[in-house]
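One structure is given here, and the rest of the page talks about it.
The values are calculated or read from the model by the stated rules, or taken from the named source; none is laboratory data. Predicted model, so just to flag it, every value in this text is computed and none were measured. Note that we place each Cβ from the backbone using ideal geometry, even for glycine, and neighbour counts take in every protein chain shown. Surface areas here come from the heavy atoms of the whole protein model, side chains and all, with no ligands, DNA or RNA. Shrake-Rupley method; radii C 1.70, N 1.55, O 1.52, S 1.80 Å.
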Amino acid sequence: MQSIISINVGNTGFMLLCSSLVMLMTPGLAFFYGGLVGHKNVLAIMMQSFISLCWTTVLWFCFGYSMCFGPTIGGIIGDPSTYAFLHGITLDTIYKGNDAGIPLIVHVAYQMMFAIITPALITGAFANRVTFKAYFLFLTGWLVFVYFPFVHMVWSPDGLFAKWGVLDYAGGIVVHNTAGFAALASVLYVGRRQKVELKPHNVPLIALGSGLLWFGWYGFNAGSEFRVDSVTASAFLNTDVAASFGAITWMLVEWYQQKKPKFVGLLTGGVAGLATITPAAGYVSLSSAAIIGIAAGVICYFAVALKNKFRWDDALDVWGVHGVGGMVGIILLGVFATKAWNANGADGLLLGNTTFFFTQVVAVLISGLWAFCFTFGMLWLINLFTPVRVDPAIEENMDDAMLGEEAYIS
């Protein structure tokens, strides 16, 4: 009877809804990436997202949640055995991270959806070039040695970064910065495609994926409050404000550069704005969210231009949008954070808190460097056992060569 009374039905229902929204982002990402690649490589790139949806769930059930939120081991990782196979989690177990009154199984589900989409983001960088077996090994190793430790360090109360005072509302470090710099390492290790596709094959598919991502992102950011209150509402609106300003800014910059407004540019700018506001959504004002969106549109656009100048074949601009966006968002959180909008947050550089600002900078540098170095080394190690890169002859027709299936039957 006590457990029933202690459960807050409103907060629990809201968090189940947010979990569903974040889950929807992974199919949305599959559509977004699927539209960007060639028409004979659609299924291969989409399957990588759906494999993450399934395999990450298995790992999360077996030991992933425990590694993220179990009792700390040196502030780096949680004890893998505490919640292994979700042992000890019952209907009566309440999440103790705050007083929201949600069952622990809801926290397990919500955080699992984050774990699913994060490595899926990386797949856009090495589109058309990586074997399925190598990707499966990559997915496993990256979750265990990059994602799970950084979740624990940032979001577990006993984590190293949390003890330093690092803030990351919904995943600027944990999701976007680590995935983006892992993507850059993947690009540099795997190398360029034989034939770089300059045009997406299906813009409406990109728009569909972008819309699903944007919709799901409300659960991604607003849900990170783990309850319904005024901070939840501000995080929700900040998400839309930053995405909109990011989309318009990217479109205007590209319009000036290329003399025509681009629909794909508008969509990409929206995603850049979403990625950049993610770490700050629940800690900054609405006007700061608009500034962050504008910064995302400008900085991420020119990060992609820099990538093109260096001829890095980041096929779907994962580093430029997510890596740089996450990094910028964490740093701007250090600038614009204010306790006036979240008493549990911090005051940033504009309010005289230089310590918090430099803590954010150090955290983003450490996370980006580790994600880059480990990813590069892991791909090298995987290649000793099974080829990472596909035969160049099948790069333009991965669907048939690897899966024996076709997205479009003529």
Inter-residue pairs, beta-carbon under 8 Å, first at positive phi and in region 191-202, second open to solvent by less than 100 Å² (accessible area, probe 1.4 Å) and modelled with pLDDT of 85 or more, 6+ apart: G191/R129; G191/D313; G191/R389
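Of the residues V196, V190, V203, V264, which single one is open to solvent by 10 Å² or more (accessible area, probe 1.4 Å), in contact with a Lys or Arg (Cβ under 8 Å, 6 or more places away or on another chain), under 30 Å from I394 (Cβ atoms) and hydrophobic (A, V, I, L, M, F, W, C)?
Details: V196 fails: in contact with a Lys or Arg (Cβ under 8 Å, 6 or more places away or on another chain); V203 fails: in contact with a Lys or Arg (Cβ under 8 Å, 6 or more places away or on another chain); V264 fails: in contact with a Lys or Arg (Cβ under 8 Å, 6 or more places away or on another chain).
The match here is V190.
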Which listed residue, of Y256, Y218, Y169, is open to solvent by 10 Å² or more (accessible area, probe 1.4 Å), in contact with a Ser or Thr (Cβ under 9 Å, 6 or more places away or on another chain) and assigned to a helix (DSSP H, G or I): Y218
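Select from region 1-54 the residues that are among the polar types (S, T, N, Q) and out of contact with any strand residue (DSSP E or B) (no Cβ under 9 Å at 6 or more places or on another chain) and list them in ascending order. Walk me through how you get there before you give the answer.
Within region 1-54, the first condition is being among the polar types (S, T, N, Q), and the residues that meet it are 2-3, 6, 8, 11-12, 19-20, 26, 41, 48-49, 52.
Matches in region 1-54: Q2, N8, N11, S19, S20, T26, N41, S49, S52.
Select from region 294-346 the residues that are part of a loop (DSSP other than H, G, I, E, B) and either at pLDDT below 95 or closer than 21 Å to V190 by Cβ (or both) and list them in ascending order. Show your work before the answer.
Here is the first cut: in region 294-346, the residues part of a loop (DSSP other than H, G, I, E, B) are 310-317, 337-346.
Selection gives F310, R311, W312, D313, D314, A315, L316, D317.
Quick one: in region 14-39, of everything that is open to solvent by 40 Å² or more (accessible area, probe 1.4 Å) and at pLDDT 95 or above, which residue is farthest from L104 (Cα to Cα)? Step through it out loud before you land on a result.
Filtering region 14-39 for residues open to solvent by 40 Å² or more (accessible area, probe 1.4 Å) gives 14, 16-17, 20, 23-24, 31, 39.
Then drop every residue that is not at pLDDT 95 or above, which leaves 14, 16-17, 20, 23-24, 31.
Working: F14: 14, L16: 12, L17: 15, S20: 16, M23: 18, L24: 21, F31: 31 Å.
The selected residue is F31.
So, in region 278-293, of the ones that are among the aliphatic types (A, V, I, L, M) and assigned to a helix (DSSP H, G or I), which residue ends up surrounded by the fewest Cβ atoms within 10 Å (Cβ to Cβ)? Step through it out loud before you land on a result.
Taking region 278-293 and keeping what is among the aliphatic types (A, V, I, L, M), we get 280-281, 284, 286, 289-292.
Applying the additional criterion that residues be assigned to a helix (DSSP H, G or I) yields 286, 289-292.
On the way: L286: 12, A289: 29, A290: 19, I291: 17, I292: 30.
Restricting to residues being among the aliphatic types (A, V, I, L, M) and assigned to a helix (DSSP H, G or I), the top hit is L286.
From the list G28, G34, which residue is among the small types (G, A, S) and over 16 Å from the mean Cα position of the chain (by Cα)? First the steps, then the outcome.
On the way: G28 fails: over 16 Å from the mean Cα position of the chain (by Cα).
Step by step, each of G28, G34 is checked, and only G34 is among the small types (G, A, S) and over 16 Å from the mean Cα position of the chain (by Cα).
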Residues within region 55-98 that are under 22 Å from D229 (Cβ atoms) and without any contact (Cβ under 8 Å) to a residue 24 or more places away in the chain, tallied: 1
